[in-house]
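Each reported figure results from applying straightforward, stated rules to the coordinates on display, with no laboratory input. Just so you know, these numbers come straight off a predicted model, no measurement behind them. Every residue, glycine as well, gets a Cβ built from its backbone with ideal geometry; the counts of neighbours run over all protein chains shown.
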Amino acid sequence: MKTIAVLTSGGDSPGMNAAVRAVIRSAGYFGYDILGIRFGYKGLMEADFVRLQSSDVSGIIQRGGTILKSARSEEFHEKEGRNRAAENLKKAGVEALITIGGDGTFRGATLLAQEHGINTVGIPGTIDNDLIGSDETIGYDTALNTAMQAIDKVRDTADAHERLFLVEVMGRDAGFIALETGIACGAELIILPEKLTHIEEIKESLNKVLKVQRRSTLVVVAEGDHTGGAIELSKKLEPDFKQYDMRVAILGHIQRGGSPTAHDRVLASRLGYEAVNAIHNEKSEVMVGVINHDVKITPIKETFGKIKEINFDLVELAKVLR
Ligand code: F6P
């Protein structure tokens with residue numbers, strides 16, 4: 001019987017458990033054995049393996065985090081680390097590897113495939129949504145909703161004190177979370193890494209916004225923005241906006257946690273199945289995704305090779321509605 005291994009790697013994202021569950025149940029459906037790898041590539045180099053069966057994934061579809069655990073591994077960047085990983089897979093009789101994660105995870109999978117001929121299939125799991133080949137990545141929708149709910153709460157206190165708030169959201173170098181939560185929360189200004197905004201321009205926009213009578217002013221800042229994030233931006237604004245009682249809120253890792261939304265659970269379930277189906281159809285070095293509601297298979301190198309564009313229509317919309 002064919003053995004497939006599965007791991008989750010890099011920053012966890014809500015819905016990874018739903019994807020693991022779908023992989024294991026689908027493997028059973030196709031008649032494959034499944035080996036779970038704990039702690040991503042780190043666990044792969046240490047042969048931290050666990051045999052998994054259908055009953056092991058009962059009751060996890062609604063849980064955040066990942067039962068397989070995750071890690072970011074420096075050692076796997078070294079050839080020697082990857083040699084050990086490949087050896088462990090071969091010893092365990094693994095014929096194909098499913099990796100659930102973001103661009104770093106897929107870069108690792110590509111190297112394993114190229115250097116050791118390991119069949120790999122990727123499932124996009126990251127809150128950042130920065131991979132080509134899927135309209136959305138698993139965890140993005142949940143992170144959006146978590147950030148939105150948190151920012152709504154910030155808005156309440158901002159309104160009560162009539163304050164100016166800078167709220168920083170995650171996304172690494174991408175502004176997807178900032179853009180969509182900004183719109184969903186009616187932010188007066190959204191600062192994105194995809195748009196090089198000079199500090200003078202930000203000041204000008206902020207002055208325009210502040211001229212209009214409002215109960216509060218909310219600026220959503222992507223952590224990867226050129227200004228350096230919300231704290232740095234607040235320092236740059238402070239001298240000119242002293243009269244406003246400015247505060248900074250950094251949402252941080254709460255955006256990675258929590259129970260996945262229905263949208264993420266369904267996406268993860270579909271992609272978990274499609275990953276096993278791709279292996280069944282002897283595909284390798286590909287990522288499974290959903291584009292315009294349909295399943296799409298993309299060569300894995302393309303998914304992180306190019307920059308996924310944000311929707312600039314939404315950027316314009318945010319300006320009209322502020
Ligand atoms: O890639 C997911 C992500 O949450 C990014 O948005 C963020 O920049 C990064 O991971 C944080 O990583 P860590 O949990 O290692 O601090």
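Mind putting a number on the dipole of the stretch 141-257 about its Cα centre? Charges go on the C-beta only, +1 for Lys and Arg and -1 for Asp and Glu, and I need it in Debye to the nearest 20.
Charge dipole of the stretch 141-257: 280 debye, to the nearest 20.
Dipole of the chain, Cα-centred, from +1 at each Lys and Arg C-beta and -1 at each Asp and Glu C-beta, to the nearest 20 debye?
560
Å³ per residue of the Cα convex hull, for the stretch 82-166?
Given the Cα convex hull of the stretch 82-166, per-residue volume reads 126 Å³.
Across the stretch 303-320, in residue order, what do the Karplus-derived ³J(HN,Hα) couplings come to in whole Hz, using 6.51 cos²θ - 1.76 cosθ + 1.60 with θ = phi - 60° and x for Gly and Pro?
Computed from phi, the couplings for the stretch 303-320 are 5, 10, x, 10, 8, 6, 7, 6, 8, 6, 5, 5, 5, 5, 4, 4, 5, 5 Hz.
Mind ordering 174-183, 102-111, 30-39, 230-239 by average Cβ neighbours within 10 Å, highest first? Before the final figure, lay out the partial values.
On the way: 174-183: 26.0, 102-111: 23.0, 30-39: 19.3, 230-239: 16.1.
The peptides rank, most packed first, as 174-183, 102-111, 30-39, 230-239.
Name the aspartates and glutamates eligible as straight-distance cross-link partners of LYS2: C-alpha to C-alpha under 13 Å, and not fewer than 8 places from it in the same chain.
Cα-Cα hits under 13 Å: ASP33, GLU95, GLU282.
Name the residue, out of ILE190, ILE132, ILE307, whose mean-square fluctuation peaks in a Gaussian network model built on the chain with Cα pairs under 10 Å.
ILE307
For the stretch 176-322, with only Lys/Arg (+1) and Asp/Glu (-1) charged at the beta-carbon, what is the dipole magnitude about the Cα centre, in debye rounded to 20? Write down the numbers at each step before the final one.
Values: 20 positive and 21 negative charges, 85 e Å.
For the stretch 176-322, the charge dipole is close to 400 debye.
Helix 199-211 versus the longest principal axis of the chain: what angle, 0 to 90°, nearest 10, using Cα atoms?
Rounded to the nearest ten degrees, it is 60.
For the chain, what log10 I(q)/I(0) values come out of the Debye formula at q = 0.08, 0.11 1/Å, with one point per alpha carbon and no solvent?
Normalising to I(0) and taking log10 leaves -0.40, -0.69.
Given the Cα-Cα distance of ASP152 and ALA262 and 0.36 nm per residue of separation, how much length would full extension add, in nm?
Contour length minus Cα-Cα distance gives 37.5 nm.
Once you place label points 7 Å from the Cα toward the Cβ at LEU314 and GLN243, how far apart are they in nm?
3.5
Given a cut-off of 19 Å, what percent of all Cα-Cα pairs of the stretch 141-257 lie beyond it? Mind showing how you got there, number by number?
Numbers: 2630 of 6786 pairs.
That tail contains 39 percent of the Cα-Cα pairs.
Give me the angle, in degrees from 0 to 90, between the Cα long axis of helix 79-91 and the longest principal axis of the Cα atoms of the chain, rounded to the nearest 10.
Roughly 50 degrees between the two axes.
By its C-alpha gyration tensor, with a ≥ b ≥ c as the square roots of the eigenvalues, how is the stretch 245-294 shaped: rounded for a/c under 1.5, else prolate for a/b larger than b/c, else oblate?
prolate
Name the residue farthest towards the positive end of the dipole of the chain from the options ILE202, PHE241, TYR29, assuming +1 on Cβ of Lys and Arg, -1 on Cβ of Asp and Glu, about the Cα centre.
TYR29
Using θ = phi - 60° and the Karplus form 6.51 cos²θ - 1.76 cosθ + 1.60, what ³J(HN,Hα) does each residue of the stretch 54-68 get, whole Hz, x for Gly and Pro?
Whole-Hz 3J(HN,Hα) from phi for the stretch 54-68: 3, 5, 5, 10, 5, x, 10, 4, 8, 8, x, x, 8, 5, 7.
Work out the charge dipole of the chain with +1 on the Cβ of Lys and Arg and -1 on the Cβ of Asp and Glu about the Cα centre, then indicate which of VAL94, VAL50, VAL220 is farthest towards its positive end.
Of the candidates, VAL50 comes out farthest on the positive side.
How large is the helix-only mean residue ellipticity at 222 nm for the chain, computed as the sum of -39500 (n - 2.57) over DSSP H runs with n ≥ 4, divided by its residue count, in deg cm²/dmol to the nearest 500?
Using -39500 (n - 2.57) per qualifying helix, the result is -13000 deg cm²/dmol.
Using a 7 Å offset from the Cα along the Cα-to-Cβ direction at both GLU232 and HIS77, what is the distance between the two label points in nm, to one decimal?
2.0
Kindly rank 145-155, 202-212 from highest to lowest mean number of other beta carbons found within 10 Å of each residue.
145-155, 202-212
Report the far tail of the P(r) of the stretch 204-247, meaning the percent of Cα-Cα pairs longer than 16 Å.
The share of Cα pairs beyond 16 Å in the stretch 204-247 comes to 40 percent.
Working only with C-alpha atoms, what are the Rg and Dmax values of the stretch 206-322, expressed in angstrom?
Here Rg and the maximum Cα pair distance are 20.9, 64 Å.
Could you check the simple spin-label distance between GLN53 and ILE199, using points 7 Å along Cα→Cβ, in nm with one decimal?
6.3
Rounding to the nearest 10 and keeping the result within 0 to 90°, find how far the Cα-based axis of helix 140-161 lies from the longest principal axis of the chain.
Roughly 20 degrees between the two axes.
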